[in-house]
Amino acid sequence: PLMCRENILFMRFCGDDGWPSPQLKEIEIKKGSDRWTTLYCQSILAVRKLYHCARLIHADLSEYNLLICPSWQISKDRFKPPKERSSEDESLQVVMIDFGQAVERGHPAAKELLQRDLSTMRDFFVRQGIKVLSNELAEDFVLAPIQDIESNSEQTTEKEKCYNNNIDDQGSTWRHAVPGWNDEKDMELLLKKLMTL
């Protein structure tokens with residue numbers, strides 16, 4: 001997202017020379033490949049980040065509305081000439097699209113919609129021949145408080161706190177600025193959880 005104003009979200013085009021980046025369903029990678037595991041982890045992390053940083057649930061997440069883009073297309077300094085791009089700039093990233101049906105996490109059906117999103121993603125990645133978290137473990141991971149993601153607490157009360165957590169949206173910073181957010185730490189933890197399955 002580039003900007004958010006009330007109920008309008010401004011997004012950038014993900015693609016190259018007018019051609020959109022491929023949807024997750026269009027990617028041809030060998031079944032069981034580590035690349036599928038990386039894309040799965042990025043997808044779960046995107047759901048977590050959307051939940052905590054934007055305070056939204058996609059509510060229609062599937063392989064049709066996840067794009068696969070090189071990092072340079074989604075970075076702040078996106079318009080690097082090809083000669084200035086590193087191999088890291090070319091690494092593939094998952095990007096969510098199609099937020100028309102997204103709901104705030106305080107929505108009465110938020111829990112069911114999040115569970116449906118996670119179940120749909122799980123079903124897709126299972127078909128790709130990789131290990132994935134159970135729906136319950138994926139939900140616990142997404143809902144875990146930012147500072148407490150390493151705890152293995154499975155208390156329903158903690159889940160309910162996450163669903164009902166009302167954070168003031170009237171602040172001067174945009175919703176995605178969350179202190180303590182660490183994509184790398186979350187990715188490491190998620191990979192560790194997958195290794196124990």
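The values are calculated or read from the model by the stated rules, or taken from the named source; none is laboratory data. Everything quoted here is computed from the prediction, not taken from an experiment. Cβ sites come from the backbone with ideal geometry, for glycine too, and all protein chains shown count toward neighbours. When the accessible area is computed, the model is the full protein with side chains, heavy atoms only, and any ligands, DNA or RNA have been set aside. Shrake-Rupley method; radii C 1.70, N 1.55, O 1.52, S 1.80 Å.
Annotations
- Residue match in the range 182-193 (condition: farther than 28 Å from Glu26 by Cβ, open to solvent by less than 100 Å² (accessible area, probe 1.4 Å) and at pLDDT below 90): yes
- The single condition from (1) at negative phi; (2) in contact (Cβ under 8 Å) with a residue 12 or more places away in the chain that Ala59 fails is (1).
- Search result, residues across the range 5-33 that are surrounded by fewer than 19 Cβ atoms within 10 Å (Cβ to Cβ), within 18 Å of the chain's Cα centre (by Cα) and within 22 Å of Gln128 (Cα to Cα): Pro22, Gln23, Lys25, Ile27
- Residue list for the range 103-126, restricted to those being outside any helix (DSSP H, G or I) and under 13 Å from the mean Cα position of the chain (by Cα): none
- The residues in the range 87-97 that are in a loop (DSSP other than H, G, I, E, B) and either modelled with pLDDT of 90 or more or surrounded by fewer than 16 Cβ atoms within 10 Å (Cβ to Cβ) (or both) can be counted, and the count is 5.
- Lone qualifier among Leu61, Leu2 - being of a type outside the set (Phe, Trp, Tyr) and open to solvent by less than 50 Å² (accessible area, probe 1.4 Å): Leu61
- Within the range 124-138, residues that are over 12 Å from Thr38 (Cα atoms) and at pLDDT 95 or above sit with their Cβ atoms under 6 Å from residues that are surrounded by fewer than 19 Cβ atoms within 10 Å (Cβ to Cβ) and among the hydroxyl-bearing types (Ser, Thr, Tyr), at 6+ positions apart or across chains, in these pairs: Asn135/Ser119.
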